[in-house]
1. Would you mind checking LYS212/LYS421; LYS42/LYS433; LYS74/LYS603; LYS503/LYS704; LYS421/LYS679 for any pair whose Cα atoms are more than 26 angstrom apart?
2. So how exposed is CYS464, as accessible area in Å² (1.4 Å probe, rounded to 10)?
3. Within 10 Å, count the other beta carbons around each residue, average over each peptide in 36-42, 223-229, 603-609, 76-82, and list them highest first.
4. Taking all protein chains as present, what is the carbon and sulfur share of the accessible area of region 218-377, in % to the nearest whole number, probe 1.4 Å?
5. When ligands, DNA and RNA are left out and all protein chains stay put, how many square angstrom of accessible area per residue does region 276-409 have with a 1.4 Å probe?
6. As a test of reading the structure, rank HIS59, HIS509 by solvent-accessible area (1.4 Å probe, protein chains only), most first.
7. Can you tell me which of 564-571, 270-277 comes out highest on packing, and rank the rest after it, using the mean Cβ neighbours within 10 Å?
8. Let me cross-check PHE281: its accessible surface, 1.4 Å probe, with only protein heavy atoms counted, in Å² to the nearest 10?
Amino acid sequence: MEAGKVLEVLYTFPVEGILNKLASLAAQEISLFRGFKKELTKLRQSLLEIQDFLGDVAHQPQERGRALKDWVRKLKDIADDADNVLDEINYEDLRRQVELSNQKRKKVRNFLSSSNPHLFRQKMAHKIKSINASFLDLKYEASFIGLVSKKIDRTPPEIGGARETDSIFEEDEIVVGRNEDLSKIITILTDSNLDQENLSVMPIVGMAGLGKTTVARSLFNKDSIGGHFEKKIWVCVSNTLEVNSILSWILEYLNPTKAGIQRLDALLKNLVQELEKKRYFLVLDDVWNEDPQKWSNLMTCLSKLRSAQGSVVIVTTRSASVASITKKVLPMYVLRSLSVDDCWDILKKRAFPDSNAPIAKDLETIGREIARKKCAGIPLTAKVLGSMMRSKYSIDEWLEIQKSKMWELPEGDERIVSILKLSFDNLKSPSLKQCFAYCSNFKKDFEMERADLIQLWMAQGFLCSSYNKDMEDIGDECFTILLQNSLFQDVIRDDFGTIIYCKMHDLVHDLAEVVSRSEMEDKLENQHVAWDPSKSSERNVEKRRSLFVNGDQALISFKALRVLNLYRADIEELPSSIGVLIHLRYLNVSRTKIKQLPKYIGKLYNLQTLRMEDTWNLKTFPKEMENLINLRHVYFDYDMPVPFGMGRLEHLQTISPWFPLDKESNRGIDELGGLNQLKGELIIRGLEDARDGVQAGASNLVGKANLRRLTLE
């Protein structure tokens with residue numbers, strides 16, 4: 001890989017993401033921000049200026065790699081500190097709102113808590129000034145190491161050049177495991193009913209390395225295709241999709257003497273001469289561009305060529321979005337992964353060119369395990385690993401390949417991960433790249449719950465709401481984009497057809513680890529593993545933003561936590577120190593032995609998601625939980641009463657599994673009155689406990705426009 005591009009992938013997208021978020025935060029009209037208007041204006045200006053230097057990081061020579069890495073790491077640390085300070089100010093604003101509301105409800109007029117507003121403003125102003133000074137120092141350091149201010153190029157990098165494909169097989173190349181696919185596709189393409197159509201398009205879609213080009217090449221060279229179509233044309237498109245260029249390439253393929261014509265009218269006239277009244281087979285290989293207008297323009301031009309009915313265009317792509325845009329008459333063909341036997345067959349042919357030579361039983365056992373675990377159904381991986389193993393005949397050498405990470409292999413990173421990385425490079429925003437990289441923290445083959453994943457992204461600050469979209473909507477869009485780019489797979493849908501679970505292919509998981517490797521090296525954040533205090537420095541603890549633990553931990557040191565996942569942790573109580581985690585957005589205590597929640601949980605004013613499923617011992621909930629005014633999603637047990645009053649939680653979107661009415665606890669249906677952000681499904685149980693029609697009307701069920709399904713029991 002090009003050195004600069006490695007730097008860009010490993011370092012700048014996390015920093016870009018947080019700087020974008022900070023610039024947005026600094027511009028917000030939070031009431032307490034008015035006390036630091038001068039400092040915040042300067043901070044926002046510093047953010048915009050320092051952000052421009054990031055645009056130059058990817059263009060620096062390799063010998064500056066160490067200095068650039070240190071500079072970007074410092075920038076990340078300062079940006080994290082700024083994020084924490086702005087969040088601390090926002091938290092204080094929320095705390096005052098809660099206390100003022102509580103006083104009004106009690107009708108008691110007294111001073112707000114012992115917190116001194118003047119001292120708080122003084123303290124925060126000092127912190128912001130210190131951060132501004134750090135940004136200024138970093139700006140001087142940027143000039144010293146050769147960085148210049150340059151706007152970040154938001155367009156995805158060009159995909160092409162060295163990746164140009166062709167229709168010709170390598171000598172002695174054998175296609176393995178695709179006979180069934182080829183037979184199905186050929187049957188569709190040569191069906192007589194297709195001869196009634198002027199032009200049909202079949203997209204072949206699948207993740208990187210799955211063999212889409214190989215399948216297209218096989219089709220192109222099949223005698224049955226050559227006999228059915230009078231003309232065959234191969235064009236490698238990549239992300240260009242410029243109509244004139246594609247038409248020019250088609251013409252050049254048909255008649256090399258006419259290469260170089262660029263004007264549209266001349267191109268069309270010459271193409272008519274070549275294709276009029278002829279049935280043609282056109283392969284557009286490796287298509288990335290998702291602009292429907294460009295595709296429509298291309299199809300309009302192809303329709304003017306007066307070709308014979310039954311002509312077909314094959315489009316290969318790893319994007320389901322491209323496939324849905326391009327398909328016409330014919331359905332998209334989704335390419336499946338190869339079997340372990342097929343992968344072993346490919347690997348064996350590469351590793352042992354002499355097919356008659358015997359293979360040691362131990363090597364075959366290891367080889368089949370490599371085919372199962374490392375290749376994971378991807379023929380490209382089998383080819384590369386087989387080629388690497390060609391000169392290795394000892395058991396130890398094969399075991400080393402079996403146990404190594406893909407990027408640790410001497411040739412694996414360049415030839416496999418770089419191909420997969422094109423899907424990552426094609427993600428358009430830093431926040432989308434952050435969302436993808438975050439998934440590396442789950443174990444391989446882990447079944448990720450869509451809603452939970454989006455809530456974790458929210459908690460980390462990757463999803464910023466806009467004037468007409470909330471964070472969950474943006475998270476849904478991110479999830480869909482990652483799925484459409486073949487970065488998620490194995491989806492499970494609910495009864496409504498909505499995707500609720502997915503997985504990552506093992507190789508895609510390797511890619512996620514590669515692009516997040518810079519953060520993994522120092523274990524600074526987002527590491528969803530059991531925390532080992534013996535391996536963490538004090539700095540690591542203070543900076544950590546995401547913590548998944550299996551046992552009891554002293555939480556007071558984790559000052560920057562956004563996510564605390566105690567799922568299945570062997571604990572019976574939450575420490576009172578939970579109240580100091582003022583940045584916390586996500587808390588999961590499901591499958592624990594917790595008997596009660598401490599009243600200090602009511603101080604988590606930033607909390608967005610609270611999961612308490614399968615907590616059979618949990619019976620007691622403090623009244624202070626009514627102070628969780630930013631709560632958006634709450635999950636509890638089927639046999640658990642609603643754990644706290646929800647009437648004040650106006651941001652609430654999810655109450656799962658249901659909202660039970662209860663006379664004893666004075667839990668009435670009118671408590672739902674102000675919860676107009678509820679989404680998805682809402683089940684209300686115990687309607688017999690509703691007092692009267694007035695109370696039922698106060699629930700304002702009609703006003704909950706975002707509910708997809710309402711069940712009354």
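1. Violating the 26 Å limit, Cα to Cα: LYS42/LYS433; LYS74/LYS603; LYS503/LYS704; LYS421/LYS679.
2. Rounded to the nearest 10, the figure is 60 Å².
3. In descending order of packing, they fall as 603-609, 76-82, 36-42, 223-229.
4. C and S atoms contribute 47 percent here.
5. Per residue, region 276-409 has 45 Å² of solvent-accessible surface.
6. Of HIS59, HIS509, the descending order of accessible area is HIS59, HIS509.
7. With the highest mean Cβ count within 10 Å placed first, the list reads 564-571, 270-277.
8. Using a 1.4 Å probe on the heavy atoms, I get roughly 0 Å².
The values are calculated or read from the model by the stated rules, or taken from the named source; none is laboratory data. Because the structure is predicted, anything quoted here is derived from the model rather than measured. Quick reminder, even Gly has a Cβ in these numbers, built from the backbone with ideal geometry, and neighbours come from all protein chains shown. Calculation scope for accessible area: heavy atoms of the full protein, side chains included, ligands and nucleic acids excluded. Shrake-Rupley method; radii C 1.70, N 1.55, O 1.52, S 1.80 Å.
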